[in-house]
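The values are calculated or read from the model by the stated rules, or taken from the named source; none is laboratory data. The model shown is predicted, which means the values in this text are computed figures rather than measured ones. Counting neighbours? That spans all protein chains shown, and the Cβs are built from the backbone with ideal geometry, glycine included. Please note that ligands, DNA and RNA were not included when accessible areas were found on the heavy atoms of the full protein model with its side chains. Shrake-Rupley method; radii C 1.70, N 1.55, O 1.52, S 1.80 Å.
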Amino acid sequence: MFTGIIEELGQIEDVEALEGGRRLTVASTFADELAVDQSVSINGACQTVVRSEAGTFDVIAVEETLAKTTLGSLEAGSKVNLERAMRPDARLDGHLVQGHVDGTGTIELVEKLADSRLYRIAYEASFAPYLIPVGSITVDGISLTVARLDQHVFTVSIIPHTYAITNVSTWQLGTAVNLEFDLIGKYVARWMETRHA
C-alpha cells in the first residue's frame, strides 16, 4: 500500500528484455535500504524488489504489468517516480494507493498558469464511474485531485513543488501516464453493480 506522495525521482539505469517481461534496474538514493521481496512503486505500479545494493535495485515487470502500464516504454535514462510502501504509523498525506494500475491515460492539453500547470488527461470510458469532481486520482504514482471533470477527460492542477520533484516535467502532449482510480470509489461502484445480483 502506498500514499501517492513521491519520495524520489529515480532513473532507469538498464532494461533487460526477458522472455515475456522486462528486468528494470533503477537508480535510487534509497536502494540500499530496500530488501528483496519488498514493494516499491515505480510510476504508480507496485513492483517487487528482486535485487538491491547501494545505488540501484532491480524489479521484473511481467506481461500483465506491461499490458496495463507504461513500464514497457521505459528505457535507460527514463525518469521515474518512486515511493516505498507506506508505514502504518506514518501520516497518510496523499490517499490510499494500491499500486495496482487500472490502465493508462494520455495527456491531451498542457496549460501553464501564473503559479501552476493544468494537465488534461483522456482516459478509457469504462473508468468514468470511479471519478468525481475534486476526488482523488493517482497519475504516474502521484496522488492528485481531479480539478475538472468532463466526459472521458479529467484535469489536474500541478503546483511548482510537484513539478520540480516528479516526472511531471517530462509530460507533453501525447505522453501516456499510468492511472489508478480511487480504491474506495471502486469498491462502492462494485457494490452498487452487484447488490441485486
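Could you rank the peptides 45-54, 126-135, 172-181 by their average count of other C-beta atoms within 10 Å per residue, with the highest value first? Before the final figure, lay out the partial values.
Details: 45-54: 16.8, 126-135: 14.8, 172-181: 18.7.
Output ranking for 45-54, 126-135, 172-181: 172-181, 45-54, 126-135.
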Practice task
Obtain the radius of gyration and the Kirkwood radius of region 93-197 from its C-alpha atoms and give Rg over Rh.
Solution key: 0.98
Exercise for the section: Go through Val36, Tyr163, Gly21 and say which Cα lies farthest out towards the positive end of the charge dipole of the chain; charges sit on Cβ, +1 for Lys and Arg, -1 for Asp and Glu. Expected result: Tyr163
Practice task
May I ask for the net charge around Gly21, where only other residues with Cβ less than 11 Å from the Cβ of Gly21 are counted and Lys, Arg are +1 while Asp, Glu are -1?
Solution key: -2
Completion exercise
Rounded to a whole %, the carbon-and-sulfur portion of the accessible area of the chain at a 1.4 Å probe is 50 percent
Fill in the blank from the handout: What one gets for the chain as the Kirkwood radius, inverse of mean 1/r over different Cα pairs in Å, is 17.2 Å
Handout entry: Residue list for region 50-88, given a label point 7 angstrom along the Cα-to-Cβ vector of Arg23 and an amide N cut-off under 13 Å
Key = 50-52, 57-61
Practice task
For the chain, find the longest principal axis of its Cα atoms and tell me its angle to the long axis of helix 183-194, 0 to 90°, nearest 10.
Solution key: 60 degrees
Fill in the blank from the handout: Ranked by GNM mean-square fluctuation in the chain (Cα springs under 10 Å), the top entry among Arg23, Arg120, Arg87 is Arg87
Handout entry: Spacing of the two label points (7 Å from each Cα toward its C-beta) at Glu111 and Tyr163, in nm
Key = 1.5 nm
Handout entry: Dipole magnitude of the chain about its Cα centre (Cβ charges: Lys, Arg +1; Asp, Glu -1), debye to nearest 20
Key = 640 debye
Practice task
Express in whole angstrom the spacing between the alpha-carbon centres of region 168-197 and region 26-86.
Solution key: 21 Å
Problem - Approximate shape of region 1-44 as ellipsoid semi-axes (Cα gyration tensor, √5λ), whole Å, largest first - result: 20, 13, 12
